Each structure stands twice: as structure tokens, then as C-alpha cells.
Amino acid sequence: MATDGPDDTRWLAINAGSSSLKLAIFDSAGHRTHSVTAEDLGDGTAPLGEAHSHALDELLTALPPGEAGPFRGIAHRVVHGGDRFDAPTEIDQAVIDALHEIEPLAPLHNPLAAACIEAARHHFPDTPHFALFDTAFHRDLPPESRDYALPAWCRDELGIRRYGFHGLSAANALRHVAEATGHPPARLNLIVLHLGNGASVTAIRGGHSVATSMGMTPLEGLVMGTRAGDIDPAIPGVLERRGGLSSDEVDHLLNHESGLLGLCGTRDMREIHDAIDRGSEQASTALAMYIHRIRHYVGGYLVNLGRLDALVFTGGIGEHDVVVRESVCEGLGVMGLALDPAANRQDEPGVRALHQPHSPSSIWVVPADEEWEMIRQIQELR
């Protein structure tokens, strides 16, 4: 996407994950010219965000001369925008203060983004910085999808409602499928499966999110790498009363010790497949639960959508795991989905179709590119 700037204009995207930090630089035409990732950040001993801030300082200092700026704009991924932010927002001190105020809605994620924002603004004080919110894509959720069956004061006074996440990934998937099929986003009904260490399902009707599996926080929904996903709401109370855990310990268990890791000792799907090949019942059960939860959501969302144009796989597992995609699609022919096994086995780069020619609904793999989606959105503002 061209801009009115010079040919050497650069844009910087900063994507702070729970234990990782990604930097990506794009030129004025939208080509990624440089990217770097720091992994395994934070060990729980330092204040939340300190490791990310230090890593960002090091990554920015080490940028090659031709990639070190100046930047026309810097985009920051922020997991949770609460009720206050539902669109790309230029950052000033008032925005930073507001991000700190809504940290209780995402205490494990938003402090990381805030730390990176403050560090980046120190490095580039004269460059406009923008916050891109994963919750923004879900801003139009209808009440039946958005609200929980709780008294109104819970929503009005405490902000308890479904916000949804992975919005930048869903927006990226929607845009690519629209381009691949030649249909405008406003005509498309999709189910997007973002399958990575964090995982979610989003139903899109006419280009808008109408249902999504993650809730007030990213904990709800699918079985994930270390997150439990859907559980009986009484379980945290049982863990406190009978298990002797504090509320913080329960939170840590559900977010960091559960999911695939809790079921079979690893969150790495490649290791799970290897363990299944060696005869591990725990690994087999973990994979079966993982697939069952995905199919549960896909079936429900398809009925609610009424018409499905495409099922989309994205995220690291969604893009590369042949077995997971085949298992999810198995038996979905009754819903108008026919996977092409040969196409599914190919691991080619880029957007690719996985459906058979006669399939009424298409199946796609779309590589996740939250960084480019962030830059694309801020370019529309500049």
C-alpha cells in the first residue's frame, strides 16, 4: 500500500506477546524489510513488563542502519481496549493513563504493551505512535454474544462482558479471503480459527464479528497451550476451598499450568504428535479434547451464521499442522465443507485453498500477520 511519503519511508510494528516480543519494519509499499523476535521473556521475578522493555531497548539499538528509522508511524499491539478503545488510537499521555486504568481487565497482557509503548516513545519521541487493540474487531458483538447472564451491575460497574481477542488476526484473515475470492468483506460469512499457543474461534457475518470464543479475558474458550479454556465456573471456588490455593494461584494455574500442558506435559503440538506416535494415551486424549472443543464451536457458529462462505485456519498450528486441520474438518461434509486431503498435506507459504472443487463452502489457510495488519490500519489514518 503506497503512501504519499518518500520511497524510503519506514513503518514499525511492535507486537508484545505474553512471553515474546516481535518487531517488524515495512516500507511504503507494504513490504516487510526487517523482522526480529525475542522469546522466553520474563521469569516471574521482575516486575511485569520490565523484561519486555529491556528487550525492546536491545532490539531497537541493534536495528541495522538502514532500518533504524526515522519511522513515519509506530504501531503497538494492545490486547485489551476495554470499553474505551474500539479503533486505532494515536497515543498520548492520556491514552497511556487510560491503558493503565483498564489493566485489571488484562493484568497479564496490557502492562507488557504499556511498558513497550513507553520505551518506544523514549526512543522515538517525535514519531506518532498508535495503539491497535485486539478487542476492537469485536466491538459490534450483538448483546446475545457480548453479555453474560449476570445482573446488569456486573456489566455496568465492573465491565464484565465478552470482549473477544485475536481481532487483528481475524481482520487479516478476512481481508485475505476477500482478496482471494474476489468478494468484498461485507458479503462474507467466515469462521476463523486462530490456532496457536493462544487459540480462538470467531464467527464473522457480513464482515463483522458476531461471536467469538474468548470472553472478558483470553482464558475462555478453546483448550490452549497453557490455558484451560471453558470450565465449570464453580471450579475456581473448589480450588480455593478444597485445594488451598489463593485466588492468584488459581489464576496462574488456569492460565499457565493448564490446557495442553496440564493434560500431557507439553504445549508444543509437534511434541504431542510425537508422543502419540509412541503410544501415549495422555497425548491422545489431549489432542482429542483440543479437536473436540474446536469442532464444538465450529458447529455452533455455523448454525448461528446460517450460511458459511469459508472456514479459515490461521496461527502457527492452524497454518502448519496437517493432522489438526484434517481432524477439525472430518465429518463436516454435512455442513458443506469438503477438505482436499492432497491440498491439506502441502505446506506451501502464503494464502492457499484446501477445499475440493465441489465444496459449497471453501477452506483456507491464511498466514497470521498481525504486524502488517497493524501497519495497514494506521496507514489509513495517515
Q) Simple spin-label model, 7 Å along Cα-to-Cβ: residue 59 to residue 123 in nm? A) 0.8
Q: Rank 357, 290, 275 by how far each Cα sits towards the positive end of the charge dipole of the chain (+1 on Lys, Arg Cβ; -1 on Asp, Glu Cβ) and give me just the farthest.
A: 357
(Q) Suppose R0 equals 25 Å. What FRET efficiency, 1/(1 + (r/R0)^6) with r the Cβ-Cβ distance, do residue 187 and residue 296 give to the nearest 0.05? (A) 0.35
Q: State the answer as a single residue: which of 204, 245, 154 lies farthest towards the positive end of the charge dipole of segment 147-252, with beta carbon charges of +1 for Lys and Arg and -1 for Asp and Glu, about the Cα centre.
A: 204
(Q) Taking θ = phi - 60°, what integer Hz values does the Karplus form 6.51 cos²θ - 1.76 cosθ + 1.60 yield along segment 69-83, in sequence order, with x for Gly and Pro? (A) x, x, 10, 6, x, 10, 9, 10, 7, 10, 5, 10, x, x, 7
Q: Please list, in chain and number order, the residues 5+ apart from residue 212 or on another chain whose amide H is under 5 Å from its amide H, with Hs placed from the backbone.
A: 203
Q. Does the chain come out rounded, prolate or oblate by the C-alpha gyration tensor, with a ≥ b ≥ c the root eigenvalues, rounded set by a/c under 1.5 and, if not, prolate when a/b is larger than b/c and oblate if not?
A. rounded
Q. For the chain, what is the mean residue ellipticity at 222 nm derived from helices alone (per DSSP H run of n ≥ 4: -39500 (n - 2.57); sum divided by total residues; nearest 500 deg cm²/dmol)?
A. -11000 deg cm²/dmol
Q.
Are there any trypsin sites (Lys or Arg not before Pro) in segment 276-358 that are in a DSSP loop and have at most 15 other Cβ atoms within 10 Å? List them by number.
A. 278, 307
Q: Return the sequence-ordered ³J(HN,Hα) values of segment 188-196 in whole Hz as given by the Karplus equation 6.51 cos²θ - 1.76 cosθ + 1.60 applied to θ = phi - 60°, using x for Gly and Pro.
A: 9, 10, 10, 10, 9, 9, 8, 10, x
Q: Run the accessible area of segment 159-303 with a 1.4 Å probe and give the carbon-and-sulfur part as a rounded percent.
A: 52
Q) Given H placed on each backbone N at 1.01 Å, which residues far from residue 363 in sequence or on other chains put an amide H within less than 5 Å of it? A) 311, 354, 355
Q: Could you calculate the contour length gain from residue 351 to residue 150, that is, 0.36 nm times the residue separation minus the distance between their Cα atoms, to one decimal place in nm?
A: 68.2 nm
Q: Have a look at the DSSP beta bridges in the chain and tell me what percent are antiparallel, nearest 5.
A: 60
Q) Which value, in Å², gives the accessible area per residue of the chain when a 1.4 Å probe is used on the protein heavy atoms? A) 45
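The values are calculated or read from the model by the stated rules, or taken from the named source; none is laboratory data. Values in this document were obtained by computation on a predicted structure and should not be read as measured data. Ideal geometry is used to build each Cβ from the backbone, glycine not excepted, and the neighbour counts take in all protein chains shown. Note: accessible area is taken over every heavy atom of the protein model, side chains too, but ligands, DNA and RNA are not part of it. Shrake-Rupley method; radii C 1.70, N 1.55, O 1.52, S 1.80 Å.
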